[in-house]
Amino acid sequence: MITVLFAALPDRWAEYEEPLRRALDDTGLAYDLVTEAAPETVDYIVYAPNSKVQDFRPYTKAKAVLNLWAGVENVVKNDTLTVPLARMVDEEGLTQGMVEWVTGHVLRHHLGMDAHIVNPDHDWVPKAAPLAFDRPVTILGLGVLGAACGQMLARLGFPVTGWSRSEKRIDGIRCLHGDDGLAEALTGAQILVLLLPNTPATESVVNADRLALLAPGAAIINPGRGPLIDDDALLAALDSGQIGHATLDVFRVEPLPQDHPFWAHPNVTVTPHIASETRPDSASRVVAENIRRGEANEPFVHLVDRAAGY
Ligand code: NDP
């Protein structure tokens, strides 16, 4: 019998209990799924970084911590965690949601939808958007989410360039990497999507110098993490017109404080960290598969590189 501790905010238990039980039943393992347990009895911790479990030292028997979120910045530096840490990778749920959100917001800017949705003076300006082929899109971050979004946009016809830490080959995407690749990826992009993790190396990667490389009037879409952007540099670029619009889902402080200039800026769209969320059904299957692996002495999947921070 293994003990699986669900360590997330208590209000999430109602939506996760049944899906987790179904997924664990499917593994054929004998298990006890609990929200409270003597730490030394726990085999696996299904985890959200905002849970009350912050000191892992008493969990002496734990074989892995299985994060329900894709982002791990709030747990990756926890020195009390010495067992493998897996993050959420879920094509059916989290990835699908992000592809839908990014595609929708890219199309909003590409098609100039706002001009017709909000048109109080009833202006009749019959100017069609260019085709996608003439709208270069760049995605910073070519991981699970960045690659999936890039491939969808490429299928729609956008010339997509992506940037990552390591060298990559992905069908339909011009892949660049490293410091030299960044300037090339940004130069002339009309729509920039940020899907990098929050690490010391990605802090303020979008700064004044890099904003200046984009095509004048470019749109920025950030479903990655708030610290990727130097907020003051973005506000200055919005005011000068170098950036035409910013759609921001994530912020350095969340909820975004009411007095933050992003709320009032006419060319900023704020969404409340909803680009994509972990879906209990499909995420539970991902978690259960890692538990099955652990019990079968097979390697865990979706492990975090603790040194790299993601
Ligand atoms: P991955 O770990 O799969 O991908 C991260 C990508 O970023 C990789 O391509 C990686 O490069 C690249 N990268 C990391 N550090 C650097 C660096 N210093 N320089 C260049 N490239 C770098 O993550 P996911 O795609 O699953 O998720 C990305 C982020 O999306 C998450 O960390 C989270 O912050 C955010 N997110 C936001 C959500 C929301 O609702 N707003 C929901 C889910 C996730 P390489 O491939 O070489 O390793």
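The values are calculated or read from the model by the stated rules, or taken from the named source; none is laboratory data. All values derive from a computational prediction rather than experimental measurement. So basically every Cβ, Gly included, is an ideal-geometry build from the backbone, and we count neighbours across all protein chains shown.
Details
- Residue within region 1-14 that is assigned to a loop (DSSP other than H, G, I, E, B) and within 24 Å of the chain's Cα centre (by Cα) present: yes
- Residue selected from region 262-286 under the condition over 18 Å from the mean Cα position of the chain (by Cα) and aliphatic (A, V, I, L, M), by the criterion surrounded by the most Cβ atoms within 10 Å (Cβ to Cβ): VAL268
- Scope region 19-70; condition of a type in the set (Ser, Thr, Tyr) and either within 30 Å of GLY141 (Cβ to Cβ) or within 29 Å of the chain's Cα centre (by Cα) (or both); matching residues: THR27, THR35, TYR44, TYR47, SER51, TYR59
- Checking each residue in region 113-136 for being within 24 Å of PRO159 (Cβ to Cβ) and loosely packed, with under 15 Cβ neighbours inside 10 Å picks out MET113, ASP114, ALA115, LYS127, ALA128, ALA129, PRO130, LEU131, PHE133, ASP134.
- Restricting the first member to region 270-288 and to residues that are acidic (Asp, Glu), and the second to residues that are in a helix (DSSP H, G or I) and away from the ligand (no atom under 12 Å from the Cβ), the beta-carbon pairs closer than 7 Å and six or more apart or on different chains are ASP281/PRO19.
- When residues of region 177-235 are limited to those that are among the hydroxyl-bearing types (Ser, Thr, Tyr) and within 10 Å of the ligand (Cβ to nearest atom), the one nearest to ARG108 (Cα to Cα): THR202
- LEU107 vs. criteria outside the structural domain of CYS175 (by TED's automatic domain parsing), hydrophobic (A, V, I, L, M, F, W, C) and either surrounded by 13 or more Cβ atoms within 10 Å (Cβ to Cβ) or outside any helix (DSSP H, G or I) (or both): no
- Breaking point among (1) surrounded by 19 or more Cβ atoms within 10 Å (Cβ to Cβ); (2) assigned to a loop (DSSP other than H, G, I, E, B); (3) without any contact (Cβ under 8 Å) to a residue 40 or more places away in the chain, for MET88: (3)
- Condition broken by GLY141, with the remaining ones in (1) away from the ligand (no atom under 14 Å from the Cβ); (2) touching a strand residue (DSSP E or B) at 6+ places or on another chain (Cβ under 9 Å); (3) on the phi > 0 side of the Ramachandran plot satisfied: (1)
- The residue list ARG169, ARG135, ARG165 contains one member that is within 11 Å of the ligand (Cβ to nearest atom) and of a type in the set (Lys, Arg), which is ARG165.
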